[in-house]
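Right, one structure below, let's go through it.
The values are calculated or read from the model by the stated rules, or taken from the named source; none is laboratory data. What you are looking at is a predicted structure, and each value in this text was computed from that prediction instead of being measured. Heads up, the Cβs are rebuilt from the backbone with ideal geometry, glycines too, and the neighbour counts pull from every protein chain shown. What goes into the accessible areas is simple: the full protein's heavy atoms, side chains included, and nothing from ligands, DNA or RNA. Shrake-Rupley method; radii C 1.70, N 1.55, O 1.52, S 1.80 Å.
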Amino acid sequence: MNAKEIWHGLSDGHWLSAMLTPANRNRLMKLALAIADQVAFSGSNFVFSVLLGRWMLYETYGAFTYAYSILILLATFHNALLLEPFTVFGSSQYRFTLKTYTDRMARLQWYWGVVISGISLPFGLVLWAAGNRGLGEAMVGMAIAQGAILYFWYVRRKWYVLQHIERAVIGTTLYAVIQIVGAALLHHLGALTPLSAFATIGAAGLIAGLVGQSTRTDEDEAPQSLPLPPLVREHWQYGKWLMIAGIFAWLTGYSYNVLTGSILSLADTGGLKALQNLINPVTQLLTAFNLVFIPWIARRHAERGSQGMNRDLALYAVFSTGCAALYWVALSLFREPIFSLLYGGRYTEYSDLLPALALIPLVSAFTASWTIGMRVLRQTQLLFWVDSIGAAFTITVGVLLVVQFGLSGAVAGSVISTVIRIPVLIVLWRRATKASISEQEPSTS
């Protein structure tokens, strides 16, 4: 085909109809739904957190943030041992037995909520009884609500695995409405505390999760019994390294909320959370992209092997990094009016730290394709070494930065902990791909 023919094909629109095949249209629709779902989810969390920042005292907001950071640590175990294996296995080896598999996952989810609440609740009660009422109340609320919150996270992930993202959108919309209306009602009644805030999130998660779970799923194409003990072992085998890597990732990021509350003050924790609120929207948007991309690339790898995966991951990296870069520019240019609009003039003393903190989602977007590739290749043990670098920095230099420079040190530590993972990730990704290629090469006698 010569240049004239190519130009004629572009000008008459045939290229567009060729690109918009039924398969591509379906993929674009799922991406649009995932973005809508994540906008509703992250948007409601964002609005909820900003409202708490506006309506609570700095110290009270800091206590809520401290406890919420512990919730994220617990969610790290949940994500590694339940959600991540569920996403990969449900999109590959159990894709023909999804109804039975999701039923088993629902049962494991309920077990999880009961056990973790029983373990974490006494810590909050001890803090409350010891006289630290604000933090103790927040920890009690977190312990009670965490099971319902994480149950809703599972139900949302279930619909992504089943590729019925429109059902996730319905559940998330319900969750968003209950959460925000509940917070506004509590504020109107003068009853907004860390405990009632967690109760609101938990109620929203429980109701939305039960509604989503009640929706009928398709019957299995190839029924199996799938007893729980082998599934638990399989999830553990997949997720044990991912769990440790998740703890390290928590140390790289959310642990700075705990450090500021422990070393500085709960008011400083509230200030750090006010900054984090503004980068969370792009972080959640990137999560939406990941939720669509992981099942798709896992299914593609299961059907076609590693052929073309590197190209797909590279294109995904360009797309996600471009989105994060645009968001960083907007935050950097308009941070002062944003603080004034959202917080009503509060927390403006921290606004100069925002451009630095906003580098974190930019780096995360740049590296996401590599970490996704390792999960799909089931080289999750390598993520242990990636995140251990950032964690080691946090518990050594990061602590010193917080002690020496206060909140500025916490921001600097968060950013550096994220950036120094890049060289290690590049090296280990090359190792993972080489190992995958070696496994696929036919043996010679």
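In the range 178-192, which residues are touching a residue at least 12 places away in the same chain (Cβ under 8 Å) and either surrounded by fewer than 19 Cβ atoms within 10 Å (Cβ to Cβ) or part of a helix (DSSP H, G or I) (or both)? Outline the logic, then answer.
If we filter the range 178-192 for residues that are touching a residue at least 12 places away in the same chain (Cβ under 8 Å), which is where we start, we get 178-180, 182-184, 186-187, 192.
ILE178, GLN179, ILE180, GLY182, ALA183, ALA184, LEU186, HIS187 - these are the residues of the range 178-192 that are touching a residue at least 12 places away in the same chain (Cβ under 8 Å) and either surrounded by fewer than 19 Cβ atoms within 10 Å (Cβ to Cβ) or part of a helix (DSSP H, G or I) (or both).
Given the conditions (1) over 30 Å from MET29 (Cβ atoms); (2) open to solvent by less than 30 Å² (accessible area, probe 1.4 Å), and given that LEU195 satisfies all but one, which numbered condition is not satisfied?
So LEU195 meets the others, but not (2).
Conditions first: (1) at pLDDT 90 or above; (2) aliphatic (A, V, I, L, M); (3) over 15 Å from the mean Cα position of the chain (by Cα); (4) surrounded by fewer than 20 Cβ atoms within 10 Å (Cβ to Cβ). LEU57 passes all but one, so which condition is the exception?
(1)
Report yes if some residue within the range 104-120 is small (Gly, Ala, Ser) and crowded, with 23+ Cβ neighbours inside 10 Å; otherwise report no. Break it down stepwise before answering.
Looking only at the range 104-120, we keep the residues that are small (Gly, Ala, Ser), and these are 106, 113, 117-118, 120.
Those still in the list that are crowded, with 23+ Cβ neighbours inside 10 Å too: none.
No; the residues of the range 104-120 include none that is small (Gly, Ala, Ser) and crowded, with 23+ Cβ neighbours inside 10 Å.
Right, VAL415: closer than 30 Å to ILE297 by Cβ and modelled with pLDDT of 85 or more or not?
Details: closer than 30 Å to ILE297 by Cβ: yes; modelled with pLDDT of 85 or more: yes.
Spelling it out, VAL415 is indeed closer than 30 Å to ILE297 by Cβ and modelled with pLDDT of 85 or more.
Taking the range 293-321 only, how many residues are over 19 Å from the mean Cα position of the chain (by Cα), open to solvent by less than 50 Å² (accessible area, probe 1.4 Å) and either at pLDDT 90 or above or of a type outside the set (A, V, I, L, M, F, W, C) (or both)?
Result for the range 293-321: 6.
Is it fair to say THR65 is buried (at least 23 other Cβ atoms within 10 Å of the Cβ), among the hydroxyl-bearing types (Ser, Thr, Tyr) and assigned to a helix (DSSP H, G or I)?
yes
For the condition open to solvent by 40 Å² or more (accessible area, probe 1.4 Å) and within 28 Å of MET374 (Cβ to Cβ), what is the one hit in PHE96, PHE41, PHE89? Don't jump to the end; show me each part of the working.
On the way: PHE41 fails: open to solvent by 40 Å² or more (accessible area, probe 1.4 Å); PHE89 fails: open to solvent by 40 Å² or more (accessible area, probe 1.4 Å).
The unique qualifying residue is PHE96.
How many residues, within the range 212-239, are within 22 Å of the chain's Cα centre (by Cα), modelled with pLDDT of 85 or more and open to solvent by 30 Å² or more (accessible area, probe 1.4 Å)?
Number satisfying all stated conditions: 2.
Yes/no matrix, rows are residues, columns are (1) open to solvent by less than 10 Å² (accessible area, probe 1.4 Å); (2) touching a residue at least 24 places away in the same chain (Cβ under 8 Å); (3) of a type in the set (Val, Ile, Thr); (4) at negative phi:
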| residue | (1), (2), (3), (4) |
| --- | --- |
| PRO122 | no, no, no, yes |
| VAL126 | no, no, yes, yes |
| LEU135 | no, yes, no, yes |
| ALA143 | yes, yes, no, yes |
| GLY147 | no, yes, no, yes |
| PHE152 | yes, yes, no, yes |
| ARG157 | no, yes, no, yes |
| LEU162 | no, yes, no, yes |
| THR172 | yes, yes, yes, yes |
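List pairs: first residue in the range 257-273 and within 11 Å of TYR66 (Cα to Cα) and β-branched (Val, Ile, Thr), second residue open to solvent by less than 30 Å² (accessible area, probe 1.4 Å) and not in a helix (DSSP H, G or I) anywhere in the structure, Cβ distance under 9 angstrom, at least six positions apart or on different chains.
THR260/GLY406
In the range 395-413, is there at least one residue being aromatic (Phe, Trp, Tyr) and crowded, with 16+ Cβ neighbours inside 10 Å? Break it down into steps so the answer makes sense when it comes.
Just the residues of the range 395-413 that are aromatic (Phe, Trp, Tyr), to begin with: 405.
Among the residues that remain, those that are also crowded, with 16+ Cβ neighbours inside 10 Å are: none.
Within the range 395-413 (the criterion being aromatic (Phe, Trp, Tyr) and crowded, with 16+ Cβ neighbours inside 10 Å), the answer is no, since none of the residues qualifies.
May I ask you to list the residues in the range 351-374 that are charged (D, E, K, R) and either under 16 Å from the mean Cα position of the chain (by Cα) or crowded, with 22+ Cβ neighbours inside 10 Å (or both)? Even if it seems obvious, please write down each step before you answer.
First, the residues of the range 351-374 that are charged (D, E, K, R): 352.
Hits for the range 351-374: nothing passes.
Go through (1) assigned to a helix (DSSP H, G or I); (2) modelled with pLDDT under 90; (3) not acidic (Asp, Glu) for GLY345 and report which single condition fails.
With respect to (1) assigned to a helix (DSSP H, G or I); (2) modelled with pLDDT under 90; (3) not acidic (Asp, Glu), GLY345 is out only on (1).
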